[in-house]
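The values are calculated or read from the model by the stated rules, or taken from the named source; none is laboratory data. Bear in mind that the values here come from a model prediction, so they are computed numbers and not experimental data. As a convention, Cβ positions derive from the backbone with ideal geometry for all residues, glycine included, and neighbour counts pool all protein chains shown.
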Amino acid sequence: MRLVLFSIAVLLFVQCGKADLKVAMTDVSISSWEESANIEYINDDTTTHYDMSIVLHTNSRFDFSDMELEVTMTSPDAIRHTERIALSCNSEQEAKASDGGDIEIPYRRDVKLSAKGTYQFSLRPMKPITGVEAAGIHFQQQ
C-alpha cells in the first residue's frame, strides 16, 4: 500500500511539474479507521506559507457525509496544539469517494511553520469510519 501511495505522489509531482507538492500520508486500518493516523512532516523553510488539506485515500466502502476529526500538531520545539474539526464534502468529493480514490478537504489556510525540524501530526476520527485506507495532509505552498 505504501508503495502505491508513494507512486501516486511521484506521478503527481512529475505531472504537475511543481516542486511544492508535499503530501504526508500513512496507512490506517482498512476495515475501520478508529486509531490515530500519525504523520511526520520535515520543515526546512520557516518563511513559506502553506494551505493545508486533509487527504483521504478511500475505497468503494467509504460512507462519507460529515466527519469530525481530532487533529494534534506537535512542533519540533515540543509545542502541542489539539483541535476538533468538522469536515464535510461537496458532491464532487462524494462521487470520487463512492468509487474509491483520493479526496482532499480544505483544513487550514496561510499556515507558517516557524520552526525547522520535524512536525508531528495526528489525525483521529471521533467515530469509526469505514472505507478509508490512508489519511494524510497536503502542504501546498502559496
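Among the residues making up region 52-64, a single one is in contact with a strand residue (DSSP E or B) (Cβ under 7 Å, 6 or more places away or on another chain) and of a type in the set (Gly, Ala, Ser): Ser53.
Checking each residue in region 66-91 for being part of a loop (DSSP other than H, G, I, E, B) and either out of contact with any strand residue (DSSP E or B) (no Cβ under 7 Å at 6 or more places or on another chain) or closer than 18 Å to Val23 by Cβ (or both) picks out Asp77, Ala78, Ile79, Asn90.
Please verify whether Val23 is closer than 30 Å to Asp77 by Cα, in a strand (DSSP E or B), at pLDDT 90 or above and in contact with a helix residue (DSSP H, G or I) (Cβ under 9 Å, 6 or more places away or on another chain), treating the condition exactly as stated. When the stated conditions are applied, Val23 passes them.
Results for (1) buried (at least 20 other Cβ atoms within 10 Å of the Cβ); (2) closer than 13 Å to Ile129 by Cβ; (3) touching a residue at least 40 places away in the same chain (Cβ under 8 Å); (4) touching a Leu at 6+ places or on another chain (Cβ under 9 Å), shown as yes or no for each residue.
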site	(1), (2), (3), (4)
Val23	yes, no, yes, yes
Val28	yes, yes, yes, yes
Glu34	no, yes, yes, no
Glu40	no, no, yes, no
Thr47	no, no, yes, no
Ser60	no, no, yes, no
Asp63	no, yes, yes, no
Glu68	no, yes, yes, yes
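Among the residues making up region 36-89, those that are within 27 Å of Ala115 (Cβ to Cβ) and charged (D, E, K, R) are Glu40, Asp44, Asp45, Asp51, Glu70, Asp77, Arg80, Glu83, Arg84. Being farther than 19 Å from Thr26 by Cα, at pLDDT 90 or above and among the β-branched types (Val, Ile, Thr) holds for only one residue in Thr46, Thr118, and it is Thr46.
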